[in-house]
Amino acid sequence: MIELGQQHGLSLTQCLDGVGIDPVGLENSETLVTAAQELQVIENLVRGLPHVKGLGLQAGMRYQLTTFGIWAFAIISSPTVRDAIDVGLKFTDLSFVLLDFSFNETPESAEIEMRVDHIPPHLRQFVVERHLAIFMLLTREMMGPEALAPKEIVLTLDAPVSATSGPDKPKTEAPPFSVLGALLPDTRIQYGASTNRFVLDKALLARPIPKANPATAAFCVQQCEALLNQRRAQTGFSGQVRHFLLEHLSAMPTLQEAAAHFHLSPRTFGRRLEDEGSSFRSLAEEVREGVATELLATARLSVDSVAERLGYAEAASFIRAFKRWTGKTPAQFRRAEQG
């Protein structure tokens, strides 16, 4: 994104204004960029280049598969399109994805919804545009010459209009938006909607991925899990809260109790977590899920013992929660780990 800004005439200082990363840190592969810092770079581009149309799409088209690291390789080595979607959504925190994604199936179709409510309104255009380009990149790398075009793309964006259109000239999509029509000639693109969705043909979900490799997929997923746990455990205020919760597993604190521990009001406490793209409820769930899977996989504890260690009054409540987290009961998960 900084290279894009410089291409359009912004200085490095302008691109990094208020970001909290200096040029040296920018070149350090170990530097961890938070979502808030990334949004600040986007803020600088949007504010500094208001005349550039399709800026987010231009940014997304500069990305390469290697930009997304192990997350992208886990996606493209998955057995089927459905598996790839599952992996992509599970590990979005390892990517440059800022939107909240969900996957929903209906009798007629399968939809990937992109929610933007948590993105500042004046930055949503850029973020949605960029994710359009990212979607096209990943699907092209995943399927190769095979088509994986959505039936429909529904966007909150305003319909792009050519600057040369007028009363006597038809309105046409302005570059770089015209690339969408060229790359997705059979896809209906709807602008000005209330949500952002990719609508897929359900038959595509079972389609094998040409680059599928079971060994590579298993390795990539394992690496993704390790990286995600490492990042979540170390990052910012969320990391401090997570550490606090780990120390009080058997008597999980309430939001009010956690806020008091950090000498904050519940409202300020919640806002600080929200600024890092997190919440107290999601952190509590992550901590419990992580400890539960570790205990079930490596310790010879009964389900009742694991439930007790996690602060559940009864095993049935823990079993329901575990199935919600993983899609399996503790017994099913343990058998899968052992087999």
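The values are calculated or read from the model by the stated rules, or taken from the named source; none is laboratory data. Here the structure is a predicted model, which means the values were calculated and not measured. So basically every Cβ, Gly included, is an ideal-geometry build from the backbone, and we count neighbours across all protein chains shown. With ligands, DNA and RNA removed, areas are computed over all heavy atoms of the protein, side chains included. Shrake-Rupley method; radii C 1.70, N 1.55, O 1.52, S 1.80 Å.
With both labels modelled 7 Å from their Cα along Cα-to-Cβ, the Ser282 to Thr31 distance reads 2.5 nm. Between amide H atoms placed 1.01 Å from N, distances below 5 Å from Ile189 occur with Ile153, all of them 5 or more places distant or on a separate chain.
Under 5 Å between amide H atoms, partner at least 5 residues away or on a different chain: which partners does Asp100 have, H built in plane at 1.01 Å? Amide H neighbours of Asp100: Arg115. With the cut-off at 1.5 for a/c, could you classify segment 214-339 from its C-alpha gyration tensor as rounded, prolate or oblate? Judged from the Cα gyration tensor, segment 214-339 comes out oblate (a/c at least 1.5, b/c at or above a/b). For the chain, the convex hull spanned by the alpha carbon atoms encloses 166 Å³ per residue.
Taking 0.36 nm per residue of separation and subtracting the current Cα-Cα distance, fully stretching the chain between Thr216 and Ala336 would add 41.3 nm. With the largest listed first and rounded to whole Å, the semi-axes of the equivalent ellipsoid of segment 286-339 from the Cα gyration tensor are 15, 12, 10. On full extension, the segment bounded by Asp86 and Ala260 gains 58.9 nm, given 0.36 nm per residue less the C-alpha separation. Eigen-decomposition of the gyration tensor built on the alpha-carbon atoms of segment 27-124 gives equivalent ellipsoid semi-axes of 26, 19, 13 angstrom, largest listed first. Between Val24 and Gln7, the modelled labels are 3.0 nm apart [label points 7 Å from Cα along Cα→Cβ].
Rolling a 1.4 Å probe across the protein heavy atoms gives the chain an accessible surface of 54 Å² per residue. Sequentially through segment 10-19, phi angles give Karplus couplings (6.51, -1.76, 1.60; θ = phi - 60°) of 7, 7, 4, 4, 5, 5, 9, 4, x, 7 Hz, Gly and Pro residues having no value and appearing as x.
Between His51 and Ala297, how high is the FRET efficiency from 1/(1 + (r/R0)^6) when r is the Cβ-Cβ distance and R₀ = 45 Å? Nearest 0.05. Approximately 0.25, to the nearest 0.05. Would any residue of segment 80-109 have its amide N under 15 Å from a label point 7 Å out along Cα→Cβ of Lys202? List them or say none. Once the point is set 7 Å along Cα→Cβ of Lys202, 82, 104-109 turn out to lie under 15 Å by backbone N, inside segment 80-109.
Share of the chain's accessible area from carbon and sulfur, percent, 1.4 Å? Numbers along the way, then the final one.
Numbers: 9380 of 18200 Å².
Carbon and sulfur atoms account for 52 percent of the accessible area of the chain.
The value of relative contact order for the chain, using C-alpha pairs under 8 Å at least six residues apart, is 16 percent. Once the Cα-Cα distance is subtracted from the 0.36 nm per residue extended length, the Asp93 to Ser305 segment shows a gain of 73.2 nm. Placing dummy labels 7 Å off each Cα toward the beta-carbon, the span from Gln64 to Arg140 is 1.4 nm.
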